[in-house]
Amino acid sequence: MIRNYLKIAWRNLGKNRVFSFINIFGLALGLASFLLISLYVTDELSYDRYNEFADRIYRVDSDIRMGGTDLSLSVTSDPMGETLKKEFPQVEEYVRIYASSGSKLIRHGAEFLQEDRVAHADSTLFKIFTLPVVAGRAEHALDAPNTVVISESAARRYFGDPQAAVGQDLETQDGDGTRYRVTAVFKDIPEQSHTDFDFFFSMDNVQYNWGNFASHNFNTYVLLRDPADAAGFPDKFEVIIEKYLSPLLRQFMNTDLESFRKSGNKIEYSLMPLTDIHLHSNRVSEFRPGGDIQNVYIFSLAALFVLVIACVNFMNLSTARSSGRAREVGIRKTLGSEKSALVGQFLIESILLAALALALAFGLCALALPWFNDISGKSLHLADLLRPGYLLFLLLLPFVVGTLAGLYPAFFLAAFNPIRVLKGHKKTGGAEPRFRSALVVFQFAASMILIIGTLVIYNQLEYIRHAKLGFNKEQVVVVDTGGIAEANREAFKNEVAALSSVSRASFAGYLPVANSSRNSTSFSTDPVSTETNVFNMQIWGTDYDYIPTLGMELLEGRNFSPEYGSDSLAIIINEKAAALMGVDNPVGKKLYSKSPDMEEPEVYTIIGMIRDFNFESLRENVGPLGLRLGRNNWEAAFRVLPGKIEQTLDDIEARYHELAPGMPFQYTFLDESFDQMYRQEQRMGQVALSFAALAILIACLGLFGLVTYVAEQRTKEIGIRKVLGASLGNILALLSRDFLKLVLIAFVIGSPLAWWAMHLWLQDFAYRAPIGIWVFAVTGGAALGIALLTVAFKAFRAALANPVNSLRTE
Amino acid sequence: MLLELNNIFKWVTQGGNRVFLLKHLDLAVEQGDFLSVMGPSGSGKSTLLHVLGMLDDFNEGEYYFQGEPVHGFRDKQRARFQKEHIGFVFQAYHLIDELTVYENIETPLLYQKVSSSERKALVADMLDRFGIVGKKDLFPAQLSGGQQQLVGVARALIGKPRLLLADEPTGNLNSRQSREIMELFQELNAEGTTIIQATHSETNAAYGSRTLHLLDGSWTSTPEP
Ligand SMILES: Nc1ncnc2c1ncn2[C@@H]1O[C@H](COP(=O)(O)OP(=O)(O)O)[C@@H](O)[C@H]1O
Ligand SMILES: [Mg+2]
């Protein structure tokens, strides 16, 4: 029986090549995007699962609020791990990773290489993270000072071979050169991990004021005996706070826990499951930027959208085609087929088509993968689809999709009354064309929503890129001066400033782009701070040239100047800070800042006000900011004359190497760092664009199929009309009118939905481009145009056919 | 008695009025009968055959097939009875275009869940008997009308039905082809198959053992028992 069905299905495919192609290709496009997104989503969800104990590992996170400043930290205090293990038997083991010391310079032959993926770790590292060791031994690997474990690729880089690395020494630039013995080489940490370290140095080499519950600098992981125990930890942390932090509060801040909390401050600890870190944690001191669960949702939704459109297409074409199959259904019924057998037959056909589409989808996937990796920032492989779990899923997919897409046509066909179809009644019931129309409307509405979404996203990105920033991000090179000895940095800056192609130079430790340093303090407008006159403000140490170098705009007052001796307590604030103070021109006003250990507050005098500029993403409103003079010479910013960048960079590098021989020269462009902040949105935009294009393509394929079908159905009518004198234009109008009506209805339904969705999306931005009428005009116009072209292409052929032919064949 | 109709009515409602397709119809058919139903176009011949073939409903009356009340059957039961006992031949052949001659003939057996080896034997017999072995791998479009109708008859007979219903089986054929089909029917009838055919042609009607005339859904003469 099944063979008989498959045979029929196969022959039908060959008989209606155009239909078959449209059906299979449309579904394949939908499936391909579904596969791509599945790859992406599984990849995102697989983070840190390589650990054998993944379900029992938790990170200790800290949430602190003091003086109005909130800190969500991925780190905790150095004694925390040890204390948890000592106090609570549920904790089997703990490990601390200390990465706060930043990158290290490691000797490679005659020169030093900068290694960023470095950390210090406790000797328990391998007891918690099950990193396979390829050379040396994991046990006791980090027990002694001056030991290091390195990744396989680091071993190859420095020693050529993992085996050769064990027992060798690595020399770093810490202090005046420290040597570390390589005790083990571990397999590179998978890409799907929240850490990406190549070097773990012994914790014993960290210079630190140990045993301090009040300083939070260590990423600390605990291995629980049973994951169910995690639920009890809020109480356990309360015990720790009572026992170890309360005494500190009394000793250093003259307050107890209760009044500390009453005045709006807090210290809280919590456990973050290891496998949630990548998608759910975005805290200070994460090892690497994580993913965003929201993106996973959005990507999944978009893929599902396209898949649904493709399935609808499939349904639509199958039902359209069904009239061609009506006779077969009628015959089969007179031959004794039961309804269920017919439903089965058409479902099998549908599943067969879905299976073919899946095969094609694999091919499309393989073609699209490099591009998809590019926009998603991943390195996915088609082979990832061949994992056992996936294979089962992939085998089931054609059944599910085929069944879903084939269910309606199957029942629709099976319900044909055999006598009526055999008598040649083509139309059986009015519901069928109406249902198809509804599907076309759905497809076009969905496509238009995607188009409008894409336009709004792109419009918003353009808006951000050209928004008035309040500073000039073009032509600014930022050089890392950390490699130059402290004493020589000023000289370096001055030498570069003297270059003819450099117009301005400044130290710039704080920059208005993401990942730059930040420093916030609370200020009050009166010497005695009360709840009403205090506000929290970013306070950046700058120098005399900072404002002109970055092209910031002074609205009131003056810049810092060496001519005024007292500028060390002068402050320049932005408009937002002035607004918080409630004054239009703040020049001459005072600001007071008092930290807990100070007797008297520091008194700052406001000497100027600058125009607001964004120093976080444009998603956020500009916050209050103050600039003051301060030492911040780990980075220098140079404004370079247009067209001279290449040459100038060479000149700067030459001077750098004179002052810092053997050190790597590192620089960034301010505008690139700025664009970096919107990478996420750009990716979103590209994904939305691709899906919109796909959706439209599939919808047009569907429309093309439907028009083909209708034109075929109406050949006789067209023939008669032509004999009666209808012109080409009349015929085109006849065939197009109904479809264009559908597109219009889709537009009427789709636009408000799209407007609403994008309105919500824009709420995330503090600075929004309005959704203009043009967005809808363009979308409606495009959809109408594309639909018209599709219809016209087919209708032309029908209209041009010789009427006698069509009349004779009937 | 193979089948019996008692006071059958069938109507459709058009513009609020009942239009009767079959009206006050009685019929009795014995095992081994060869009945010809004649009547002008639109007199209800096809409708009657569809009712007899359990392809279509009727509104009133009783229909007994081998003593079983067809009017009381549910859909499933009807479908089972139909595929076990009735073969249907159409004026327009109604072969499945996508299947070969062999596969077309085989299809009813698939629905009767006959085993594969048995199917092979049955279809081979049938091809042999109808002299179309050489055509078994051709598609309907590659055959002449007469050949297609041969396949149609072969398909109707493959399940060894008690009753063969033929609705103007030669309506699309030339006279030579018609004769062949009619002679075949006679042969089948002689072997014991009950046949009811609808026809326009006196000549064809004459092949049957008796003829009834239909007009506007009723017999023009009372049928003899
Ligand atoms: N479903 C239906 N609805 C309305 N009229 C019908 C229907 N089926 C058949 N008829 C009408 O009933 C009459 C009998 O048709 P039919 O049985 O096909 O006649 P015959 O086969 O004798 O030519 C015709 O007038 C036909 O138009
Ligand atoms: Mg008829």
### Task
Identify the single condition in (1) more than 13 Å from ligand 2 (Cβ to nearest atom); (2) in a loop (DSSP other than H, G, I, E, B) that B:Trp11 does not satisfy, given that it satisfies every other one.
(2)
## Note on the structure
Exception for B:Lys135 within (1) of a type in the set (Lys, Arg); (2) more than 12 Å from chain A (Cβ to nearest Cβ); (3) more than 18 Å from B:Ile181 (Cα to Cα) falls at (3)
### Summary
Only one of B:Leu22, B:Leu49 is crowded, with 22+ Cβ neighbours inside 10 Å, within 14 Å of another protein chain (Cβ to nearest Cβ) and not in a strand (DSSP E or B), namely B:Leu49
#### Entry: Scope the stretch B:196-217; condition hydrophobic (A, V, I, L, M, F, W, C), in a loop (DSSP other than H, G, I, E, B) and closer than 23 Å to B:Trp11 by Cα; matching residues
none
### Task
For the stretch A:288-330, name all the residues that are within 14 Å of chain B (Cβ to nearest Cβ), out of contact with any helix residue (DSSP H, G or I) (no Cβ under 7 Å at 6 or more places or on another chain) and more than 27 Å from A:Ala699 (Cβ to Cβ).
A:Glu328
### Task
Can you tell me which residue among B:Asp167, B:Asp137, B:Asp216, B:Asp128 is within 16 Å of ligand 2 (Cβ to nearest atom), acidic (Asp, Glu) and within 25 Å of B:Gln112 (Cα to Cα)?
B:Asp167
#### Entry: Any chance A:Glu238 is closer than 25 Å to A:Glu93 by Cβ and either outside the structural domain of A:Leu125 (by TED's automatic domain parsing) or of a type in the set (Asp, Glu) (or both)
yes
### Task
All but one of (1) touching a residue at least 40 places away in the same chain (Cβ under 8 Å); (2) surrounded by 16 or more Cβ atoms within 10 Å (Cβ to Cβ); (3) over 33 Å from the mean Cα position of the chain (by Cα) hold for A:Phe199, so report the exception by its number.
(3)
### Task
For the stretch B:155-166, indicate whether the set of residues that are under 15 Å from the mean Cα position of the chain (by Cα), within 14 Å of another protein chain (Cβ to nearest Cβ) and within 16 Å of ligand 1 (Cβ to nearest atom) is non-empty.
yes
### Task
Mind listing just one residue for me: the one in the stretch B:100-125 that is within 18 Å of A:Ile331 (Cα to Cα) and of a type in the set (Ser, Thr, Tyr) and, of those, farthest from the other protein chains (Cβ to nearest Cβ)?
B:Tyr102
### Message
A:Ala184 - would you say it is free of Cβ contacts under 8 Å to residues at least 60 places away in the same chain, part of a strand (DSSP E or B) and in the same structural domain as A:Phe88 (by TED's automatic domain parsing)?
### Response
yes
### Query
Which ones in the stretch B:170-213 are of a type in the set (Gly, Ala, Ser) and within 16 Å of ligand 2 (Cβ to nearest atom)?
B:Gly171, B:Ala198, B:Ser201, B:Ala205
### Summary
Okay, helices (runs of 4 or more DSSP H) sitting entirely in the stretch A:648-764 with 1 or more residues that are farther than 30 Å from A:Lys473 by Cβ, at pLDDT below 80 and more than 35 Å from the chain's Cα centre (by Cα), I get A:679-713, A:715-723, A:728-762
### Message
Residues to consider are B:Ile181, B:Ile196; find the one that is crowded, with 18+ Cβ neighbours inside 10 Å and within 16 Å of ligand 1 (Cβ to nearest atom).
### Response
B:Ile196
### Query
What pairs come up if the first residue lies in the stretch B:75-99 and is more than 8 Å from every other protein chain (Cβ to nearest Cβ), the second is of a type in the set (Asp, Glu) and assigned to a loop (DSSP other than H, G, I, E, B), and their beta carbons are under 8 Å apart, counting only those six or more places apart or on different chains?
B:Gln91/B:Glu168
### Query
Within the stretch A:362-385, is even one residue away from chain B (no Cβ under 14 Å), acidic (Asp, Glu) and either more than 14 Å from A:Leu35 (Cβ to Cβ) or not in a loop (DSSP other than H, G, I, E, B) (or both)?
yes
## Note on the structure
Of the residues in the stretch A:49-67, those that are buried (at least 20 other Cβ atoms within 10 Å of the Cβ) and either closer than 30 Å to A:Asn536 by Cα or out of contact with any strand residue (DSSP E or B) (no Cβ under 8 Å at 6 or more places or on another chain) (or both) come to A:Arg59, A:Val60, A:Asp61, A:Ser62
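The values are calculated or read from the model by the stated rules, or taken from the named source; none is laboratory data. Everything numeric here is computed off the predicted structure, so don't read it as measured data. Cβ sites come from the backbone with ideal geometry, for glycine too, and all protein chains shown count toward neighbours.
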